[in-house]
Amino acid sequence: MAKPKKKSGREIFALGAEAVVEGALLAGCSFYAGYPITPSSEIMEGMASRLPGTSDGVFVQMEDEIASMGAVIGASLAGRKAMTATSGPGFSLMQEFIGYGCMIEAPLVIVNVMRGGPSTGLPTSPAQADVQQARWGTHGDHSVIVLSASDVQECLAMTVTAFNFAERYRTPVILLLDEITAHTREKITVPTPDSFEILYRLQPSMPPEWYKPFEETVRGVPPMPPLGAGYRYHVTGLTHDPLGFPTQRPDEIVALLERQFRKIDQFFFDIQLADEIETADAEIVVVAYGSVARSAQLAVAQAREKGVKAGLLKLKTLFPFPRTKLERLAPHCKILVVPEMNMGQMSREVKRVNTGQFAVRTINRVDGQIITPAEILKVLRRR
Amino acid sequence: MAERTQLIHHYLRHNKKFPHVYCAGCGHGIALGSLIRSVHALGWSKDEVVMVAGIGCSGRMAVYVDFNTVHAVHGRALTIATGIKLSNPNLKVIVVMGDGDALSIGGNHFIHAARRNIGLSVLVLNNNIYGMTGGQCSSTTPLGATTTTTPFGQMEKSFDLVELAAAAGANYVARASAFHAQGMDKLMQATFTHRGFSLLEVVSPCHTQYGRKNKFKTVVDMYRWLKESATPLEQYRKLSAEKAKGRIPLGVFVDRDEPSLEERYADLRADQTAQAGRR
Ligand SMILES: Cc1ncc(C[n+]2csc(CCOP(=O)(O)OP(=O)(O)O)c2C)c(N)n1
Ligand code: SF4
């Protein structure tokens, strides 16, 4: 994960959205395409003013979110680190292209600043209701990485991580923020560029005539040269063979889909990111993400003062779901509390991996209001 | 003949299993031939050419040619092409779409790409029908025509592709026909070398899905109709409204020389970095 190696850099007073911009530029993002939508527009506006001043940065406002995703995919094929940002309605429009991105294994980053839904919903209020859509929004079996961030500093770090994962695993990465995280202004440190590990997609070392763009490799991730570099190949959303040509051969179909799952599954332990706060001896643990994790952290501290052995598992990776982090809690923890601003989307996942070790309590709000520490504390103290 | 064989071997993919999907008499294959001759005449290297194609019989073209090829999702080829061109303006980006792809599902992208004047060479192979999915009507199906989804005749008016592109702001707009292959070669080369958004509409007969159901007994009848109704634009403009009816004007409709988006963007970046240097 992208963690500042040393504490250096410049301090700024920034919105979560502005921290995303800083993170993207640090990670080497040089292409942004998007369409305005509250509460994500500050990311777009930040990129519009910053990218043209970089050596090769490109910003373009497209006619809709479908077009934005298309442009980002084109840029990725051309060798760029590319991103877009949106919110619920735009995220829905992007779904066909997200599946295409998975199928052609294009590294790219999509930030979804979640607002209340469904439909136009609550444009200016926070929610976390796109969690399952981020995992399963596009049609067909596919693997994808979904991350989240809970404060402004983390917005920066997780944006860098999102680009690193995208490049390393050749996949779309979705960063889910919520309106509160994106619109909170805090003092953060923008680290110097050399304080992060920045990853780039693997380049082919073989001559063009030996290159197979969708070949099996040890990591499951084939190298990806930019268009125009002499490695001419075919890219298609159709199920394809290792050369990229459409196939209907059962063995080739299975090989492609299995590799696309395996390239992420086999690095599960590198991908699952979560902060464990006071969990070592905790008997009751809150599992939270996004701005709700901040309420939870305060609630846990207050519960500890009252003698409740409470802890917090703050999820930074939402998918693949960090199940082994939960398993580690089992010896001492009997109860999990999952507060979230939806009708129960992450708690489904928690219940799915729970094989009876835990009782699961949920706290759900869908009224556009944040879940307060007091609400969580009440559930922590209920014995 | 020998030269043609050489071209085929050079530009078509030897590692792609032929035969191709095109029906006998399909205009799309003729457009493919013209495309290869045009790239060859311009002396472009295969490495610098990117073909982005939509979904449909027309879009299948991308799999056969030995360029950098991207088979997009239905209607969105122009969006991917825009990302590619802005990322690397040195690439020659050719976009191939059907009429359904470019104007029905992709109509919004089409007008906006033209308005943006992004430097793409755009070929729309217009067969007035959805070929690949079995002959449903498209937004260029003529009034009254029979298709599998207009069994009682098309009730909606059709788009004129050339007028649409011109109004939306394309730098270059031309129309060719699959019957007039040499004329197509000339227009295609002009399309490929013109700055900004350059469109070539190719009138491309589909007897299988359109002609059969619309009073063309054979493929040959369709090409005869095309031969007889095609009229050079200069001549067409002199015809009375009555005489012009049913004729298909071919030629160059728009020839503007406005800077393309990627050129404007390069200027902006030079400006911004110079300012940053001064600060
Ligand atoms: C989103 C989506 N909707 C529908 C389709 C099905 N579909 C595939 S090709 C096509 C129409 C192709 O017609 P056209 O673009 O005119 O090309 P042609 O086959 O005539 O060359 C349709 C509707 C699809 N692939 N994706
Ligand atoms: S169905 Fe029509 S468009 Fe498709 S290959 Fe056959 S003739 Fe061409």
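The values are calculated or read from the model by the stated rules, or taken from the named source; none is laboratory data. On a predicted model such as this, the values are computed, not experimentally measured, just so you know. Reconstructed Cβ throughout: ideal geometry from the backbone, glycine too, with neighbour counts over all protein chains shown. Ligands, DNA and RNA are stripped out before the accessible areas are found, and what is left, the full protein with its side chains, is counted by its heavy atoms. Shrake-Rupley method; radii C 1.70, N 1.55, O 1.52, S 1.80 Å.
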Before we move on, is B:V173 more than 15 Å from ligand 2 (Cβ to nearest atom) and on the phi < 0 side of the Ramachandran plot?
yes
Is it the case that B:A113 is closer than 19 Å to B:R256 by Cβ, of a type in the set (G, A, S) and within 12 Å of chain A (Cβ to nearest Cβ)?
yes
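Please indicate, with yes or no, whether at least one residue in the stretch B:209-216 is away from ligand 1 (no atom under 15 Å from the Cβ) and assigned to a helix (DSSP H, G or I).
No: zero hits.
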(1) out of contact with any strand residue (DSSP E or B) (no Cβ under 9 Å at 6 or more places or on another chain); (2) surrounded by fewer than 24 Cβ atoms within 10 Å (Cβ to Cβ): which one isn't true of A:R185, the others all being true?
(1)
Residues being assigned to a helix (DSSP H, G or I) and in contact (Cβ under 8 Å) with a residue 60 or more places away in the chain - total across the stretch B:164-193:
14
Looking at B:T79 and the list (1) open to solvent by less than 10 Å² (accessible area, probe 1.4 Å); (2) assigned to a helix (DSSP H, G or I); (3) more than 7 Å from chain A (Cβ to nearest Cβ); (4) within 16 Å of ligand 1 (Cβ to nearest atom), which single condition is not satisfied?
(3)
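Strands (runs of 3 or more DSSP E) wholly in the stretch A:2-109 with at least 3 residues that are away from every other protein chain (no Cβ under 14 Å) - which ones?
Details: elements: A:10-15, A:31-34, A:58-61, A:82-86.
Qualifying strands (runs of 3 or more DSSP E): A:10-15.
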Could you tell me which residue of the stretch B:33-61 is surrounded by the most Cβ atoms within 10 Å (Cβ to Cβ), considering only residues that are on the phi < 0 side of the Ramachandran plot and within 12 Å of ligand 1 (Cβ to nearest atom)?
B:S58
What number of residues within the stretch A:196-214 are under 16 Å from B:N15 (Cβ atoms) and surrounded by 14 or more Cβ atoms within 10 Å (Cβ to Cβ)?
4
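Could you run through the stretch B:246-261 and say how many residues are away from every other protein chain (no Cβ under 14 Å) and not in a strand (DSSP E or B)?
Total satisfying the criteria: 6.
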Selection from the stretch A:284-305 of residues that are open to solvent by 60 Å² or more (accessible area, probe 1.4 Å) and touching a Cys at 6+ places or on another chain (Cβ under 6 Å)
none
In the stretch B:24-62, residue nearest to the other protein chains (Cβ to nearest Cβ) [restricted to those that are assigned to a loop (DSSP other than H, G, I, E, B) and within 15 Å of ligand 2 (Cβ to nearest atom)]
B:I55
What do you reckon, is A:A134 part of a loop (DSSP other than H, G, I, E, B) and either open to solvent by less than 10 Å² (accessible area, probe 1.4 Å) or in the same structural domain as A:I370 (by TED's automatic domain parsing) (or both)?
no
Is it fair to say A:D56 is over 20 Å from the mean Cα position of the chain (by Cα), under 23 Å from A:E197 (Cβ atoms) and not polar (S, T, N, Q)?
yes
The stretch A:212-324: helices (runs of 4 or more DSSP H) wholly inside it with 1 or more residues that are within 14 Å of another protein chain (Cβ to nearest Cβ) are A:250-265
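Specify the residue that is least open to solvent (accessible area, probe 1.4 Å); the eligible residues are those in the stretch A:349-364 that are under 23 Å from A:V146 (Cα atoms) and not in a strand (DSSP E or B).
A:V350
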The lone exception for B:V21 - which of (1) crowded, with 20+ Cβ neighbours inside 10 Å; (2) within 13 Å of ligand 2 (Cβ to nearest atom); (3) within 14 Å of another protein chain (Cβ to nearest Cβ) it fails
(1)
Do we have B:L7 as assigned to a helix (DSSP H, G or I) and either surrounded by 18 or more Cβ atoms within 10 Å (Cβ to Cβ) or within 11 Å of chain A (Cβ to nearest Cβ) (or both) here?
no
So B:K227, is it open to solvent by 90 Å² or more (accessible area, probe 1.4 Å), more than 16 Å from ligand 2 (Cβ to nearest atom) and touching a His at 6+ places or on another chain (Cβ under 9 Å):
yes
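Here's the yes/no breakdown for (1) more than 30 Å from A:V60 (Cβ to Cβ); (2) modelled with pLDDT of 95 or more; (3) of a type in the set (G, A, S):
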residue: B:R237; (1), (2), (3): yes, yes, no
residue: B:I248; (1), (2), (3): yes, yes, no
residue: B:Y265; (1), (2), (3): no, yes, no
residue: B:R279; (1), (2), (3): no, no, no
Return the residue satisfying two criteria in turn: it lies in the stretch B:88-135 and is assigned to a strand (DSSP E or B) and within 10 Å of ligand 2 (Cβ to nearest atom), and of such residues it is surrounded by the fewest Cβ atoms within 10 Å (Cβ to Cβ).
B:Y130
Sort out which residues of the stretch B:63-76 are in contact with a strand residue (DSSP E or B) (Cβ under 7 Å, 6 or more places away or on another chain), part of a loop (DSSP other than H, G, I, E, B) and either more than 8 Å from chain A (Cβ to nearest Cβ) or open to solvent by 10 Å² or more (accessible area, probe 1.4 Å) (or both), and write them in order of number.
B:Y64, B:D66
Any idea which of (1) more than 16 Å from ligand 2 (Cβ to nearest atom); (2) touching a helix residue (DSSP H, G or I) at 6+ places or on another chain (Cβ under 7 Å); (3) open to solvent by 30 Å² or more (accessible area, probe 1.4 Å) is the one B:F216 doesn't satisfy?
(1)
Residue pairs qualifying under the 6 Å Cβ cut-off, at least six apart or on distinct chains, with the first in the stretch B:132-157 being within 14 Å of another protein chain (Cβ to nearest Cβ) and the second being more than 9 Å from ligand 1 (Cβ to nearest atom), are none
Please specify each residue of the stretch B:245-274 satisfying the condition of being farther than 19 Å from B:D160 by Cα and in contact (Cβ under 8 Å) with a residue 24 or more places away in the chain.
B:R256, B:D257, B:E258, B:P259, B:S260, B:L261, B:E262, B:E263, B:Y265, B:A266
